[in-house]
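What follows is calculated from the coordinates using simple rules that are stated; it is not laboratory data. Source: prediction; values computed, not measured. We place every Cβ from the backbone using ideal geometry, glycine too, and count neighbours over all the protein chains shown.
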Amino acid sequence: MSVTAELCDRTRNQVSLDLDGELSMLEQVMVSRHLECCPSCRSFSDDVARFTKSLRDAPLERPGRLVFVPRVRRSLVHDVRTVTVRAGATAAGIAAVLMLAFGSNALVGSNSPGRTPTSASAYSESMDYELSLIAQQRDRSNGSRMTVAV
C-alpha cells in the first residue's frame, strides 16, 4: 500500500471521529489539510457528514412492542466480585511465598552480568561496602592505586 493510500485510509477513518468531536486539535488540522488537497477524501467526508446529519436530525422511532432487558441479579454480581478478590489474594500469596523461598535478590535479577550474588547482597546490606567503593573510585580518578580499608 502506498503512502498516499495509507494517508487517505487513515483520514477516512478519522472523518467520523471528527464529526463526533473525538479528534485532538492536531488530528483535526491533519484531516482538514488532507481534505484540502485530496478531492476523493473530501467527497467521502462530505457524504459522511450529510449522512450523519440526516441520522441525527431524524425523529426517534418508537418500537412497535416493548423491549424488556433483564436485570442482573445482585447475588451474581457479588459472586463475580468474590471470585476476583479471591484470585487476587491467591496471586499475592503465591508471590509472597516465592519471595520467601527464593529471596528478593533472585526475583529482581541480581545475577546480572558483572554482579555476583555476594557483592549484590553486600552492597545492599553494608554502608561500609558502599563507602569503600566510593573511595576506590575517587582514588582511581585521582590516578592513585591506594585503596581505603574500611
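A few comments on the model shown:
- Protection proxy ranking of 42-50, 10-18, 60-68, 22-30 - average other beta-carbon atoms within 10 Å, highest first: 10-18, 42-50, 22-30, 60-68
- Computed from backbone phi, the HN-Hα couplings of region 47-62 come to 4, 5, 5, 5, 5, 5, 4, 5, 5, 6, 7, 5, x, 5, 8, 8 Hz, rounded to whole numbers (Karplus: 6.51 cos²θ - 1.76 cosθ + 1.60, θ = phi - 60°; Gly and Pro given as x).
- Packing-based exposure ordering (other Cβ within 10 Å, fewest first) of S54, S132: S54, S132
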